[in-house]
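Everything on this sheet refers to the single structure shown next.
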Amino acid sequence: MGYDEDEGARTLAGLLVGAGHHDIAFIGGQPSFSTTRRRLEGYRRALAEAGVEPDPRWVQLRAYSPDWGSEALGRLLALRPAPTAVCASSSELVLGLLTEARRRGLRLPSELSLVAFGKTDWYAVTDPGITTYEQPIEQVAHIAVQLLADRMAGSTADPTTVLVEGRVVERDSVAAPPTGPEPPCGTAI
């Protein structure tokens, strides 16, 4: 029982490619977590399908925490070229990323586009609202309870893996990449 993490990240990164981005970063949690690995694979698959070769420095993995989201964005903005878009793997990372963007005076999405995972109500009320891949928590819970009830009732069916697809909620955090010789990412306004 779980979410189709790979497809979610593929869809999010595909939205960024569709908006014209080629310099797309991925900020994720612990590399040992299957969630991180599957989301990273989806990100890489979307870029490969679009013929985009990502800079390996644009993949920042460490922890699912606001502190890491902030630090990772700082590291990305110090690179040349800096990415024009970020795919964040969790709401905790987004919180840190938004904090760092605000600290630097970075304007989203005109200077940096952002997509993220999570069914988080506050994504809708940030400015701009954050485009997200929402995971259907209620649906997964319902299926899990039904499978458990079937097993307790004596079902002898073989164990099965169920992957539930989420849905993209497009908001205002994606725009075309900045134009000019060097993206303005990280400049003070």
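Modelled label-to-label distance, R80 and R102, 7 Å Cα→beta-carbon offset: nm?
Placing both labels 7 Å along Cα→Cβ, they lie 3.1 nm apart.
Whole Å is fine, so just give me how far the alpha carbon centre of the stretch 1-63 lies from that of the stretch 73-135.
14 Å
If each DSSP helix of 4+ residues adds -39,500 (n - 2.57) and the sum is divided by the residues in the chain, what number results at 222 nm, nearest 500 deg cm²/dmol?
Mean residue ellipticity, 222 nm, calculated: -12500 deg cm²/dmol.
Give me the percent of accessible area attributable to carbon and sulfur for the stretch 1-124, probe 1.4 angstrom.
Ligands and nucleic acids excluded, carbon and sulfur reach 51 percent.
So what is the accessible area of the chain per residue, in Å², with the probe set to 1.4 Å?
49 Å²
Once you have the Cα-Cα distance between V125 and E165, take 0.36 nm times their residue separation minus that, and quote the gain in nm to one decimal.
The span from V125 to E165 would gain 12.0 nm if fully extended.
Please work out how much length the chain gains when fully extended from S110 to R45, using 0.36 nm per residue of separation minus the C-alpha to C-alpha distance, in nm with one decimal.
Result: 20.8 nm gained on full extension.
Please give the per residue volume of the convex hull enclosing the alpha carbon atoms of the stretch 12-52, rounded to a whole number of Å³.
Looking at the stretch 12-52, the number lands at 58 Å³ per residue.
Under a 1.4 angstrom probe, counting protein chains only, how are T160, T126, T179 ranked by accessible area, largest first?
T179, T160, T126
With a cut-off of at most 11 other beta carbons within 10 Å, and DSSP calling the residue loop, which trypsin sites (Lys or Arg not before Pro) in the stretch 44-81 qualify? Please list them.
Here no trypsin sites (Lys or Arg not before Pro) fit, given the DSSP loop and packing criteria.
Under 5 Å between amide hydrogens, which residues at least 5 positions from V59 or on another chain qualify, with H placed 1.01 Å from N in the peptide plane?
Here the answer is F26, since their amide H atoms fall under 5 Å of that of V59.
Just to be sure I understand the model, the point goes 7 Å from the Cα along the line to the Cβ. What's the resulting R57 to M152 distance in nm?
So the two model labels end up 5.5 nm from each other.
Can you send over the solvent-accessible area of W122, 1.4 Å probe, protein chains only, in Å² to the nearest 10?
Per-residue accessible area (W122): approximately 80 Å².
In Å, the Kirkwood hydrodynamic radius of the chain over pairs of distinct alpha carbons?
17.0 Å
The values are calculated or read from the model by the stated rules, or taken from the named source; none is laboratory data. These numbers were taken from a predicted model, which means no experiment stands behind them. Note that each Cβ is placed from the backbone with ideal geometry, even for glycine, and that neighbours are counted across all protein chains shown. Note: accessible area is taken over every heavy atom of the protein model, side chains too, but ligands, DNA and RNA are not part of it. Shrake-Rupley method; radii C 1.70, N 1.55, O 1.52, S 1.80 Å.
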